[in-house]
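Peer 1: First the structure, which I've put down as structure tokens, then a few questions once you've had a look.
No value in this document is a laboratory result; all are computed from the given coordinates. Nothing here was measured: the structure is a model prediction, and the numbers come from that model. Every residue, glycine among them, receives a Cβ derived from its backbone with ideal geometry; neighbour counts consider all protein chains shown.
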Amino acid sequence: MTNRWIKFSILAAAAAGLCARSVLFHPWLSLNECLADPSAHDGSRVTQFREPKIGMVFGDGFLLTQKKGESIRVFCDTTGLVGGEFVGVTAVFHKEGYLDGAVTQVASLRREKMAVSVVPAAAVCLLFLSQFRWNMKKGLLEPKKHA
Amino acid sequence: MPDLVTHAAIAHLIRRPFDLKKKTGTGPSLRVLFYLGTLLPDLLTRPWYILFPATHDFTLPFHTPAGALIACGMIAVLFETTLQKKAFGLLAAGSVLHFVLDGFQKQIIGNNFWLYPFSWKDYGYGIIWAGEIMRYIPCWLALAALMEIGIAVYYRARKQNLRES
């Protein structure tokens with residue numbers, strides 16, 4: 001094992017440590033955790049949702065939908081809320097299965113943001129590949145001859 | 001986070017003038033590493049938790065300075081020894097710029113955990129919502145285009161001067 005791969009392994013281990021700490025000790029309460037044990041989380045503020053979107057909008061709130069997660073009714077001021085949009089939310093969970101006291105912010109143009117972001121990501125990746133190549137023999141990245 | 005067009009365009013506006021030191025205004029350069037660094041915190045996190053929301057907590061550290069610097073280090077050590085320091089410097093500088101720009105964005109629960117793993121405090125200065133930042137994309141692109149034109153004119157004039165002298 002070369003010095004390069006020893007350094008890489010140490011850094012990878014440090015990254016894994018950071019990820020583990022985040023998974024185990026993050027301070028947020030997710031909706032899925034609340035729904036898994038409603039009584040234990042009654043009255044707690046939920047700050048984490050899975051790609052939350054506004055479903056139907058009612059006079060006294062809206063239906064919050066999640067990607068690969070359950071939907072839940074949210075009671076709040078509906079000013080500015082638009083069905084189908086992504087939304088940032090924090091709200092208080094109730095064991096009966098609803099949220100209230102919500103602070104919401106419609107993430108307008110989020111779809112567009114994701115779509116336009118693909119272009120520079122692809123461009124930079126292509127530029128990188130045009131400048132460097134992987135030398136299989138040496139096991140390292142090196143500039144292409146013109147660089 | 002601002003969108004990646006904003007990140008890339010601002011990185012280009014900051015980095016490109018340094019190429020004026022070179023003899024020619026075109027041709028390959030290591031600056032792609034600066035651009036990669038400026039996109040890296042988002043590239044290592046967003047696609048994963050947009051496609052697989054359950055991975056959010058796992059990938060989040062790569063959107064913190066500590067995680068991003070480690071990722072920069074992991075990429076840098078893959079380069080040949082003579083380039084490692086320069087590669088790390090460019091990648092890290094790009095990542096720092098990423099976090100500076102992200103700090104401008106307003107968030108409901110925050111996303112600027114600059115002291116992670118020691119603190120979960122959000123250090124963003126929260127000035128503008130992401131959707132509003134999008135509206136400035138044409139400005140960044142126009143500025144970048146203007147700068148490219150300016151650089152091309154500069155090199156043409158320099159070439160002409162060299163021929164005449």
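Peer 1: To check my understanding: the extent here is largest minus smallest coordinate of the Cα atoms along each principal axis. What are those three numbers for region A:68-126, in Å, largest first?
Peer 2: Each principal axis gives a Cα extent; for region A:68-126 these are 51, 25, 16 Å.
Peer 1: If we count every other residue with Cβ under 9 angstrom of A:LYS68's Cβ, Lys/Arg +1 and Asp/Glu -1, where does the sum land?
Peer 2: Details: positive: A:ARG50, A:LYS67; negative: A:GLU51.
Its environment carries a net charge of +1.
Peer 1: Related question: Pull out the extension gain between B:SER165 and B:GLU132, defined as 0.36 nm times the separation in residues minus the alpha carbon to alpha carbon distance; nm, one decimal. Write out the running numbers ahead of the final one.
Peer 2: Working: separation 33, 0.36 × 33 = 11.88 nm, distance 5.07 nm.
Taking B:SER165 through B:GLU132 to full extension adds about 6.8 nm, to one decimal.
Peer 1: If the cut-off is 20 Å between C-alpha atoms, which lysines fall inside it for A:LYS68, apart from same-chain ones fewer than 8 positions away?
Peer 2: Counting by Cα, and skipping residues close in sequence, A:LYS68 has these lysines nearby: A:LYS53.
Peer 1: Using only the Cα atoms of region B:63-129, what do you get for the radius of gyration and for Dmax, in Å?
Peer 2: In order Rg, Dmax, the Cα atoms of region B:63-129 give 13.8, 44 Å.
Peer 1: Moving to a separate point now. For region B:78-115, list residues with backbone N below 15 Å from a point placed 7 Å from the Cα of B:PHE18 toward its Cβ?
Peer 2: Zone members listed by number: B:83-98.
Peer 1: With each run of n ≥ 4 DSSP H residues scored as -39500 (n - 2.57), what mean residue ellipticity at 222 nm is computed for chain A after dividing by its residue count and rounding to the nearest 500 deg cm²/dmol? Let's see the in-between values first.
Peer 2: Working: 3 runs with 51 residues, N = 147.
That comes out to -11500 deg cm²/dmol.
Peer 1: Taking a 28 Å limit on the Cα-Cα distance, which of the listed pairs A:LYS138/B:LYS22; A:LYS144/B:LYS22; A:LYS113/B:LYS85; A:LYS145/B:LYS159; A:LYS113/B:LYS22; B:LYS22/B:LYS106 fall beyond it? Intermediate values should be presented prior to the final figure.
Peer 2: Values: A:LYS138/B:LYS22 30 Å; A:LYS144/B:LYS22 19 Å; A:LYS113/B:LYS85 33 Å; A:LYS145/B:LYS159 25 Å; A:LYS113/B:LYS22 35 Å; B:LYS22/B:LYS106 39 Å.
Pairs exceeding 28 Å: A:LYS138/B:LYS22; A:LYS113/B:LYS85; A:LYS113/B:LYS22; B:LYS22/B:LYS106.
Peer 1: As an exercise, use a Förster radius of 41 Å and the Cβ-Cβ distance of A:PHE25 and B:MET147 to find the FRET efficiency, rounded to the nearest 0.05. The partial results should precede the final answer.
Peer 2: Values: r = 44 Å, r/R0 = 1.08.
That gives a FRET efficiency of 0.40.
Peer 1: Can you give me the long-range amide H partners of A:GLY88? Hydrogens built in the peptide plane at 1.01 Å from N, cutoff under 5 Å, separation of 5 or more residues or another chain.
Peer 2: A:GLN105, A:VAL106, A:ALA107
Peer 1: Can you put B:PHE79, A:PHE25 in order, fewest other beta carbons within 10 Å first?
Peer 2: A:PHE25, B:PHE79
Peer 1: At most 14 other C-beta atoms within 10 Å and a DSSP loop state: those are the exposed trypsin sites (Lys or Arg not before Pro) I care about. Give me the longest piece of chain B that has none.
Peer 2: Values: sites that count: B:LYS22, B:LYS23, B:LYS121, B:ARG135.
That gives B:24-120 as the longest site-free run.
Peer 1: I would also like to ask the following. Taking the number of other C-beta atoms within 10 Å as the exposure measure, put B:TRP140, A:TRP28 in order starting with the fewest.
Peer 2: Arranged by neighbour count, lowest to highest, B:TRP140, A:TRP28 become A:TRP28, B:TRP140.
Peer 1: Just to confirm a number: summing +1 for Lys and Arg and -1 for Asp and Glu over residues other than B:MET134 whose beta-carbon lies under 12 angstrom from that of B:MET134, what do you get?
Peer 2: That sum, taken over residues with Cβ under 12 Å, equals +1.
Peer 1: Enumerate the residues in region A:65-80 having an amide nitrogen under 20 Å from the point lying 7 Å beyond the Cα of A:VAL92 toward its Cβ.
Peer 2: Taking a point 7 Å out along Cα→Cβ of A:VAL92, the residues of region A:65-80 whose backbone N falls under 20 Å are A:72-79.
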